[in-house]
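Values in this text are rule-based calculations from the coordinates and carry no lab data. Being a predicted model, the structure only gives us computed values, none of them experimental. All Cβ positions, even for glycine, are placed from backbone atoms using ideal geometry, and neighbour counts span all protein chains on display.
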Number of protein chains: 2
Amino acid sequence: MLKHLSFTSSNKKMISQAEENYLKAIYKINEREGKSANTNAISAAMNTTAASVTDMLKRLADKDFIHYEKYKGVTLTTEGSRTATALVRKHRIWEVFLCDKLGYSWDECHDLAEQLEHIQSPDLIDRLDTFLGKPKFDPHGDPIPDRDGNYAKRQQVRLDEMLIGDRGVMVGVHEHSSAFLQHLDRVGLVLAVQVEVLEVFDFDKSVKIRLNGLQELLISNKVSENVFIKIA
Amino acid sequence: MLKHLSFTSSNKKMISQAEENYLKAIYKINEREGKSANTNAISAAMNTTAASVTDMLKRLADKDFIHYEKYKGVTLTTEGSRTATALVRKHRIWEVFLCDKLGYSWDECHDLAEQLEHIQSPDLIDRLDTFLGKPKFDPHGDPIPDRDGNYAKRQQVRLDEMLIGDRGVMVGVHEHSSAFLQHLDRVGLVLAVQVEVLEVFDFDKSVKIRLNGLQELLISNKVSENVFIKIA
DNA sequence: ATTTTTTTTTAGACAAGTCTAAAAATTGTT
DNA sequence: AACAATTTTTAGACTTGTCTAAAAAAAAAT
Ligand SMILES: [Mn+2]
Ligand SMILES: [Mn+2]
Ligand SMILES: [Mn+2]
Ligand SMILES: [Mn+2]
């Protein structure tokens, strides 16, 4: 297998789906933690053993995708970072396609995008991007990097950080699980909805909010700390 | 690798991309030759060695996708046939998407569809089918099987079998190479064009035809024997 | 009916990606 | 500083999918 992963006539490095997935995991850990990714964190993210991760880190270092020193954790090289960002771009554009064109909901599109992001093509994703109207954000509100890997960083706060009287618009989620997204659907806390904080209860950190100037809603801290709001 | 190919909680057999590709190759050989596919034919179609094919045939037989007896060639089981047809369905629907929605030409779409056909999803392809308006034929004129694997067999003749005065509409191609399809584009022999046979030259079996009642065109036998016409 | 040629299978090897169990290094705690 | 706990790496094994070289079987030719 993987015959197609050897070098082609061009000198562009071939990369397997497994390698791509590890790079993406490292990228996300680096972003989230703000520091180098250690072996256990990667194995947790990839659902593999630490031993498997060590094997893979050697391969990725050989191919110059990561900076790796034994026992020191890893960061991405420029090339590794470029590859990971391209993967995130593909993932999010496919998610837009699935939701906008095929009617999938925001809690369904992720798993399919995990497969589609590995399609190799010099320009498929750019054509798809054009077809979709060059969206800037995916169905979860996450920004879509452009071809150069740049994306707008939105200024946003977590709903649990808002004070009484604050107003804003929901622009994203931290947690991405199906269960959480379905719950948000059920209570009406979806992207682009207007949010105004009416009360904050110190006891359990729950908050009473008003949606679109209409219905009032009490939400738990577990929800509010996973919802991003752009303050008006 | 291939951790995701082990059994999931359901009892549905997991199948790798390599296995799918072999099944498709066997299916096409069975169809084209009208008999069991032998090892060399499969290795030629798959660009692998005969030894690799033998290895794979054992695996596919173990999984009950093919009927295999040493030295006797192989045919698909009901399950193998169902899988191969589903793959062809996915391939052709993706080709329609690439050409109709993303602007790829009929000589570009095949390679990308070779990747996209392996996306695993219970209903993605049906949603895509609906999104595209449930097309009956792909960009090469090949019929698209429905979910049950059935497709309309069109009654058609090769252009080189037509007689002087015969008229019809171009509905397909036998050869699918990029070079051939690009040539057809250049001379104007594309799907749905009207064709009338004006002269047949015995010497080299070339034919003079009229396209859409307008321009006349002389085409070689190498072209005419690869073009399918539905007689008016 | 032999002999020759072609096809197919076997034998043995390899890379990718995974695992478990054990060893080594690092970090935390008394 | 020494001991204990945690993290990471190594060692060895397994599966999938591929290869080359050699053996075996089938088909074709004499
Ligand atoms: Mn996602
Ligand atoms: Mn997303
Ligand atoms: Mn095709
Ligand atoms: Mn086609």
Using modelled amide H (1.01 Å from N, peptide plane; none on Pro or chain starts), what sits under 5 Å from the amide H of B:VAL227, excluding residues fewer than 5 places away? B:LEU159, B:ASP160, B:HIS174
Taking the Cα-to-Cβ direction at B:GLU79 and at A:LEU218 and moving 7 Å from each Cα, how far apart do the two end points lie in nm? 5.4 nm
I need the inter-copy label distances for B:GLU79: point set 7 Å along Cα to C-beta, values in nm with one decimal, smallest first. 4.3
Peptide-level mean, for A:105-114, of C-beta atoms on other protein chains within 10 Å: 1
Burial ordering of B:MET170, B:MET14, A:MET46, fewest other beta-carbon atoms within 10 Å first: B:MET14, A:MET46, B:MET170
Largest first, please: the extent of the C-alpha atoms of the protein assembly as shown along each principal axis, to the nearest Å. 93, 51, 42
For chain B, whose charge dipole is built from +1 on Lys and Arg Cβ atoms and -1 on Asp and Glu Cβ atoms, the candidate among B:ILE93, B:VAL187, B:ILE119 with its Cα farthest towards the positive end is B:ILE119
For the range A:28-86 and the range A:112-137, write down the distance between their C-alpha centroids in whole Å. 25 Å
What distance in nm lies between label points placed 7 Å from Cα along the C-beta direction at A:ARG59 and B:ARG186? 4.3 nm
Percent relative contact order of the range A:44-187, based on C-alpha pairs within less than 8 angstrom and at least six residues apart? 20 percent
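Which whole number of Å³ per residue matches the convex hull of the alpha-carbon atoms in the range B:172-232?
Values: hull volume 5.0 nm³, N = 61.
Expressed per residue, the convex hull around the Cα atoms of the range B:172-232 is 81 Å³.
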In which sequence would B:ASP148, A:ASP185 go, from the one with the fewest C-beta neighbours within 10 Å to the one with the most? B:ASP148, A:ASP185
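Taking the Cβ of each residue in A:PHE201, A:PHE228, A:PHE97 as the centre, tally the other Cβ atoms inside 10 Å and list the residues starting with the fewest. Mind dumping the intermediate values first?
On the way: A:PHE201 11, A:PHE228 21, A:PHE97 25.
Listed from fewest to most nearby Cβ atoms, that is A:PHE201, A:PHE228, A:PHE97.
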Starting from a label point 7 Å past Cα on the Cβ side, list the distances from B:ARG186 to the same position in the other copies, nm, shortest first. 6.3
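If you average 1/r over all unlike Cα pairs in the range A:95-232 and invert the result, what Kirkwood radius do you get in angstrom?
Details: mean 1/r = 0.0616 Å⁻¹.
Computed over Cα pairs of the range A:95-232, the Kirkwood hydrodynamic radius comes out at 16.2 Å.
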When the charge dipole of the protein assembly as shown is computed with +1 on Lys and Arg Cβ and -1 on Asp and Glu Cβ about the Cα centre, the Cα farthest towards its positive end, among A:LEU159, B:ALA84, B:ALA41, belongs to B:ALA41
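Can you tell me, using C-alpha contacts under 8 Å and at least 6 residues apart, the relative contact order of the range A:32-127 as a whole percent? Don't skip to the end; give the middle numbers.
Details: 71 pairs, mean separation 17.9, N = 96.
Computed over the range A:32-127, the figure is 19 percent.
Past the 19 Å Cα-Cα mark, which pairs from A:LYS35/A:LYS72; B:LYS101/B:LYS136; B:LYS28/B:LYS230; A:LYS134/B:LYS134?
Details: A:LYS35/A:LYS72 11 Å; B:LYS101/B:LYS136 16 Å; B:LYS28/B:LYS230 22 Å; A:LYS134/B:LYS134 26 Å.
B:LYS28/B:LYS230; A:LYS134/B:LYS134, as the Cα separations exceed 19 Å there.
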Using the 2.2 N^0.38 Å rule of thumb for compact globular proteins, work out how chain B stacks up: its C-alpha Rg over that value, please. 1.15
Would you compute, from DSSP H runs of 4+ residues alone, the mean residue ellipticity of chain B at 222 nm, taking -39500 (n - 2.57) per run and dividing by the full residue count, rounded to the nearest 500? -12000 deg cm²/dmol
Using a 7 Å Cα-to-Cβ projection, A:GLU31 label spacings across copies, nm, ascending: 4.2
